[in-house]
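Chemist: I'd like to ask some things about the structure below.
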Amino acid sequence: MRPSSEVATLRRLAAGIIRAQGNRFVKELLRAKQIRIGANKDDFERNLSDAIESGQLTLIDVEAWLSEVEGWGNQHVYLFNIAPALRKELTRPRIQQSVHAAGLGKLWDAPTVLAFPEQRQLTSISFNDSVLRLVWQETSPAWVPEPEKNYIEQEGLDTYEYRAYRKVEWRAINRFEAHVSRGLAALFIASPIQGSEHKEAVLEVKRVLALLLDLDRLERGQFDIPSVSKNLDQRNVPTNKVPTPLVKAQKSRLGSGGSYVEFAASSADKAYWEEPAIQNVRDSVRAQQLPVFHGMEGVFVFQNGDGLSRPLRVQLHGKDHRIRLRAEMDAGEVWTILGKLSTYQ
C-alpha cells in the first residue's frame, strides 16, 4: 500500500500539471497509461485524481513524464556552441568528480523532486547519454480571477465593487543542458520569472556551471542571435527555388547604425511576405547588403514538417542574444527548434 504522503504529493502535482501544461500533454500521459481522457480539463483533473487514488498512476510514471514535458516551451533560452576543446572535457567521470568536489554529490543522478520549493533550488545534476543536465525548481504563484466570488457593497452614498482572485501555484523549472554529441548547450529560464529575478536566475545557473566546467569557454560560444535572426528572415523569403518556406517570418526588424526597418504582418497567423507588395519591398534588401544589417528582433513560426508535427512560434531578441519559445512544448520539440536555429549561424 502506498504511503498517504505520496498520494497527497501526487494529487498536488496533478493539479499543478493541469494548470501549467497544455491539454495535448496531459492527454498523452493519460493515453500512455490507458487512463480515460475525457473532453476538457475538468475531466482530466478528475480522471488523474481517480488514477492516483487507484494506483493506476504511480510516482515513477509521473517522474518519467515530467522529465519530458514539465518546464519545456514558454521559456527564455540562451544557446551556445560547445567548442571542440570544451567537448573533450565534458565527460561523465570529469563532471561527476567536479560535482562531488563542489559539495553537490547528493544531487548527482537525483530523481525528479516532487516538491514546490518557495525559493529557487538546484534539485538534480546528471550526465547520461552524452547529455549534461542541471535542474532548478521553485514555486511560481499567480492570481486567477474568480468572478463568482465578486460582490458589491454599499456604504452610505458610496458603492464598492470587490473582485476576487484565487492564488494558484505551479512549479517553475529552470535548467541547463549540454548535448555534447550535438555540440549544443542551452540555458533555459521559465517565462514567469521576469526582470531582476530573471537576471538572478541566469547568474545562479552560471555560478554553478563555473564549478563544473570552463564557463568562459562556454560563453565564448554563445549564439550571435542578431545574425541568426537576420539569416532566418533572409533565407525564408519566398523565391523561385523555395516558393513556400517552412518558416514564416511574422515580424523582422533589421537595424543598421542608429536606424532600423521593420517588416511585420498584422495577423499572428501570417508571414509579412504573404502580402505581395510587402514582399516586393523586402526583396529590395539584397544578400550582398546583409552584412551592414543586424537582426534586432524577429518573430518566426516554424511550420509542420521536417521534424515538427505542428506550427511553433519563436521570438528572437538580438540585444540580449535571447530566444523566446512562445508555446508549450515537449523536450523533443524544443531541441528540434534549437537544432534548426543552429543552422542559421
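Chemist: I need the calculated FRET efficiency for the pair ALA210 and ALA327, taking r as the beta carbon distance and R₀ as 51 Å, to the nearest 0.05. Please report the intermediate quantities before stating the final value.
Modeler: On the way: r = 32 Å, r/R0 = 0.63.
The calculated FRET efficiency here is 0.95.
Chemist: Between GLU161, GLU118, GLU138, find the one with the highest GNM mean-square fluctuation for the chain; connect C-alpha pairs within less than 10 Å.
Modeler: Result: GLU161 has the largest fluctuation of those listed.
Chemist: Residue separation times 0.36 nm, minus the C-alpha to C-alpha distance between GLU146 and ASN74: what's the value? Walk me through the intermediate numbers first.
Modeler: Working: separation 72, 0.36 × 72 = 25.92 nm, distance 2.45 nm.
Using 0.36 nm per residue and subtracting the Cα-Cα distance, I get 23.5 nm.
Chemist: At a temperature of 20 °C and a viscosity of 1.002 mPa s, determine how fast the stretch 81-140 diffuses translationally according to Stokes-Einstein, using the Kirkwood radius over alpha-carbon pairs as Rh; express D in µm²/s, rounded to the nearest whole number.
Modeler: Numbers: Rh = 12.7 Å.
For the chosen part, D equals 169 µm²/s.
Chemist: On to the next question. Over 18 Å between C-alpha atoms is what I'm after, so list which of LYS251/LYS319; LYS88/LYS199; LYS248/LYS270; LYS230/LYS319; LYS248/LYS340; LYS199/LYS251 land there. Walk me through the intermediate numbers first.
Modeler: Working: LYS251/LYS319 16 Å; LYS88/LYS199 30 Å; LYS248/LYS270 7 Å; LYS230/LYS319 13 Å; LYS248/LYS340 14 Å; LYS199/LYS251 26 Å.
Pairs exceeding 18 Å: LYS88/LYS199; LYS199/LYS251.
Chemist: Could I ask something else about it? In what sequence, highest mean first, do 215-226, 176-187, 74-85, 281-292 appear when ranked by Cβ atoms within 10 angstrom?
Modeler: 176-187, 74-85, 215-226, 281-292
Chemist: Let me make sure I get this right: for the stretch 73-220, a, b and c are the square roots of the gyration tensor eigenvalues over alpha carbons, sorted descending. Under 1.5 in a/c it's rounded, otherwise prolate if a/b > b/c, else oblate. Which is it? Don't skip to the end; give the middle numbers.
Modeler: On the way: a/c = 3.56, a/b = 2.75, b/c = 1.30.
In terms of gyration-tensor shape, prolate.
Chemist: I would also like to ask the following. Under a 5 Å amide H to amide H cut-off, with H placed in plane at 1.01 Å, what residues pair with LEU184 once short-range neighbours are removed?
Modeler: ILE82, HIS179
Chemist: Moving on to the next point. Using the Cα centre as the reference, give the magnitude of the dipole from point charges on the C-beta atoms of the chain (Lys, Arg: +1; Asp, Glu: -1; all else neutral), rounded to the nearest 20 debye.
Modeler: On the way: 46 positive and 43 negative charges, 241 e Å.
Taking the Cα centre of the chain as origin, the dipole is about 1160 debye.
Chemist: A further question follows. How large is ³J(HN,Hα) for each residue in the stretch 283-288, as worked out from phi by the Karplus curve 6.51 cos²θ - 1.76 cosθ + 1.60 (θ = phi - 60°), to whole Hz, x for Gly and Pro?
Modeler: These are the phi-based 3J(HN,Hα) values: 5, 6, 7, 7, 4, 5 Hz.
Chemist: Among 201-214, 265-278, how do they line up by average Cβ neighbours within 10 Å per residue, starting with the highest? Working shown, then result.
Modeler: On the way: 201-214: 16.4, 265-278: 14.4.
Per-residue mean Cβ counts within 10 Å order the peptides as 201-214, 265-278.
Chemist: Okay, moving on. Run the numbers on the chain and let me know its relative contact order in percent, using alpha-carbon pairs under 8 Å that are six or more apart. Walk me through the intermediate numbers first.
Modeler: Numbers: 566 pairs, mean separation 61.0, N = 345.
The value is 18 percent.
Chemist: So in the chain, what percent of DSSP beta bridges are antiparallel if you round to the nearest 5?
Modeler: Values: 69 of 70 bridges.
Expressed as a percentage, antiparallel bridges in the chain total about 100.
Chemist: Taking other Cβ within 10 Å of each residue's Cβ, how do TRP143, TRP335, TRP136 sort, fewest first? Intermediate values should be presented prior to the final figure.
Modeler: Values: TRP143 10, TRP335 19, TRP136 23.
Fewest-to-most ranking of TRP143, TRP335, TRP136: TRP143, TRP335, TRP136.
Chemist: Also, quick follow-up: Can you compute 3J(HN,Hα) from phi for each residue in the stretch 265-276, using the Karplus curve 6.51 cos²θ - 1.76 cosθ + 1.60 with θ = phi - 60°, rounded to whole Hz and x for Gly and Pro?
Modeler: 3J(HN,Hα) across the stretch 265-276, in whole Hz: 8, 6, 10, 5, 8, 10, 8, 4, 7, 6, 8, x.
Chemist: Here is a follow-up. Calculate one ³J(HN,Hα) per residue across the stretch 308-320 by plugging θ = phi - 60° into the Karplus curve 6.51 cos²θ - 1.76 cosθ + 1.60, and present them in order as whole Hz with x for glycine and proline.
Modeler: In residue order, the calculated couplings are 10, 9, 7, x, 9, 9, 10, 10, 10, 10, x, 4, 10 Hz.
Chemist: Same structure, new question: Non-local amide H neighbours of MET329 (under 5 Å, H modeled in plane, Pro and chain starts lacking H): which ones?
Modeler: Amide H to amide H, under 5 Å and 5 or more residues apart or across chains, MET329 pairs with TRP72, GLY73, ASN74.
Chemist: With unit charges on the beta carbon (Lys/Arg positive, Asp/Glu negative), name the residue among ALA265, TRP136, LEU184 whose Cα is farthest towards the positive pole of the charge dipole of the stretch 134-269.
Modeler: LEU184
Chemist: Further question on the same structure: Given C-alpha coordinates of the stretch 196-345, what is the ratio Rg to Rh with the Kirkwood estimate of Rh? It would help to have the intermediate numbers written out before the result.
Modeler: On the way: Rg = 16.7 Å, Rh = 16.7 Å.
Here the Rg-to-Rh quotient is 1.00.
Chemist: Now, a different point. State the label only: which of [x] -0.61, -0.99, -1.21; [y] -0.44, -0.83, -1.17; [z] -0.68, -0.89, -1.09 corresponds to log10 I(q)/I(0) by the Debye sum over Cα atoms at q = 0.09, 0.12, 0.14 Å⁻¹ computed from the shown model?
Modeler: It is the one labelled [x].
Chemist: Long-range amide H contacts for PHE223: which residues qualify at under 5 Å (H placed 1.01 Å from N, peptide plane, sequence gap of 5 or more or a different chain)?
Modeler: Those qualifying (amide H under 5 Å, at least 5 residues apart or on another chain) are LEU79, PHE80, ASN81.
Chemist: Further question on the same structure: Once you list every other residue whose beta carbon is under 9 Å from the beta carbon of TYR344, what net charge do they have if Lys and Arg are +1 and Asp and Glu are -1?
Modeler: Values: positive: LYS230, ARG235, LYS340; negative: none.
Surrounding charge for TYR344 is +3.
Throughout, read-outs are computed from the coordinates displayed, never taken from laboratory work. Remember, it's a predicted structure, so these values are computed and weren't measured experimentally. FYI the Cβ positions are ideal-geometry reconstructions off the backbone, even for glycines, and counts take in every protein chain you see.
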